[in-house]
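Peer 1: Below: one structure in structure tokens.
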């Protein structure tokens, strides 16, 4: 048995057949005939000196040799694909794929993207609105914008301003609840997307910040921050709105923030890309625009007394 690696086409045929456990489906994936695929696998078995599949009636199954070879083959093709995609991205200065959470995409990025697109018509901007943690080496993504405390080892990471939160409501609702004390009788909206923050940045923390200690009250709970804010816009209740999620609605009058006390978490949004990729023209352009857009609204924070949740008693 030779130590020389077999042809890549034969390994590719084996990988597809092992994943599908079907020569016909593997042939369809590779756009070859079943006979051609069977020939490739036969040549691989001859190269190895052992069968990789047991041919059954209308089915196949892996032999012990096949089960040993399959995981490494799959990993090898995944690594090869990732390396090829990463190398192609190095040569592409016009396409930019960004991933961000659905709430940030809906409430902050989407309303502002027209300005970026107008300033950079040469960039084909693509968005993936998801909370799934992307692998910037393997996934076809150039930039990730993520919220949290940040464990960004090995990545180029630019943290932006800390997030604060304050009560927001529709203007007509503000007339019914003019004081912090009155909020103890208000329908409160809860944003569960930040339940992971420690210390909690939630309604009990905000009430402590204004010197109140209300009993827990039932209210509407939302797993997405943008849904919580949209419910406040619709007049459902009062939301403890995070800065990035409420700015546009405050600017355009759909929401008001009548109380000038806000609570602040140590968590931040971060701009992330692979180390070294920050110099690629489209990534540098998006980073500079992103940071400049944040600074445009920095003055809004001056209207609030911002209290770190770490400074608030948990009693």
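Peer 1: Please specify each residue of the stretch 113-140 satisfying the condition of being under 20 Å from residue 293 (Cβ atoms) and surrounded by 14 or more Cβ atoms within 10 Å (Cβ to Cβ).
Peer 2: Hits for the stretch 113-140 are 113, 116, 120, 123, 125, 127, 128, 129.
Peer 1: Also, quick follow-up: When the residues of the stretch 51-64 are filtered to those that are modelled with pLDDT of 95 or more and not in a strand (DSSP E or B), which remaining residue is nearest to residue 25 (Cα to Cα)?
Peer 2: 52
Peer 1: A follow-up question, please. Considering 85, 70, which residue is under 29 Å from the mean Cα position of the chain (by Cα) and in a helix (DSSP H, G or I)? Walk me through how you get there before you give the answer.
Peer 2: On the way: 70 fails: under 29 Å from the mean Cα position of the chain (by Cα).
The conditions single out 85.
Peer 1: Pairs needed: first member in the stretch 44-63, closer than 17 Å to residue 11 by Cβ; second member anywhere, modelled with pLDDT of 95 or more and surrounded by fewer than 11 Cβ atoms within 10 Å (Cβ to Cβ); C-beta distance under 9 Å; at least 6 residues apart or different chains.
Peer 2: 50/64
Peer 1: Let me ask something additional. If residue 175 meets every condition in (1) surrounded by 16 or more Cβ atoms within 10 Å (Cβ to Cβ); (2) more than 30 Å from the chain's Cα centre (by Cα) apart from one, which number is that one?
Peer 2: Here residue 175 clears every test but (1).
Peer 1: Under 16 Å from the mean Cα position of the chain (by Cα), over 25 Å from residue 114 (Cα atoms) and assigned by TED's automatic domain parsing to the domain that holds residue 246: does that describe residue 183?
Peer 2: Criteria not met by residue 183.
Peer 1: While we're looking at this one, here's another question. Pick from 70, 82, 78: which is surrounded by 12 or more Cβ atoms within 10 Å (Cβ to Cβ) and modelled with pLDDT of 95 or more? Give the steps one after another, and end with the answer.
Peer 2: Working: 82 fails: modelled with pLDDT of 95 or more; 78 fails: modelled with pLDDT of 95 or more.
Criteria check complete, one pass: 70.
Peer 1: In the stretch 159-175, which residues are part of a strand (DSSP E or B) and at pLDDT 95 or above? Full working, then the answer.
Peer 2: Start the filter on the stretch 159-175 by keeping residues that are part of a strand (DSSP E or B), which leaves 159-169.
Answer for the stretch 159-175, where residues must be part of a strand (DSSP E or B) and at pLDDT 95 or above: 164, 165, 166, 167, 168, 169.
Peer 1: Within the stretch 251-289, work out how many residues are over 20 Å from the mean Cα position of the chain (by Cα) and either assigned to a loop (DSSP other than H, G, I, E, B) or closer than 17 Å to residue 305 by Cα (or both).
Peer 2: So the count comes out to 15.
Peer 1: Take the residues of the stretch 208-227 that are part of a loop (DSSP other than H, G, I, E, B) and touching a strand residue (DSSP E or B) at 6+ places or on another chain (Cβ under 9 Å): which is farthest from residue 239 (Cα to Cα)? Outline the logic, then answer.
Peer 2: So the first thing to find is which residues in the stretch 208-227 are part of a loop (DSSP other than H, G, I, E, B), and the list is 210-219, 223-224.
So of that shortlist, the ones also touching a strand residue (DSSP E or B) at 6+ places or on another chain (Cβ under 9 Å) come out as 210, 217-219, 223-224.
Details: 210: 16, 217: 13, 218: 13, 219: 10, 223: 13, 224: 12 Å.
Here the residue is 210.
Peer 1: Within the stretch 116-138, can one find any residue that is in contact with a strand residue (DSSP E or B) (Cβ under 6 Å, 6 or more places away or on another chain), farther than 16 Å from residue 97 by Cα and part of a strand (DSSP E or B)?
Peer 2: no
Peer 1: Determine, yes or no, whether residue 44 is in contact with a helix residue (DSSP H, G or I) (Cβ under 6 Å, 6 or more places away or on another chain), under 30 Å from residue 126 (Cα atoms) and crowded, with 17+ Cβ neighbours inside 10 Å.
Peer 2: Details: in contact with a helix residue (DSSP H, G or I) (Cβ under 6 Å, 6 or more places away or on another chain): yes; under 30 Å from residue 126 (Cα atoms): no; crowded, with 17+ Cβ neighbours inside 10 Å: yes.
The answer is no for residue 44.
The values are calculated or read from the model by the stated rules, or taken from the named source; none is laboratory data. All values derive from a computational prediction rather than experimental measurement. Heads up, the Cβs are rebuilt from the backbone with ideal geometry, glycines too, and the neighbour counts pull from every protein chain shown.
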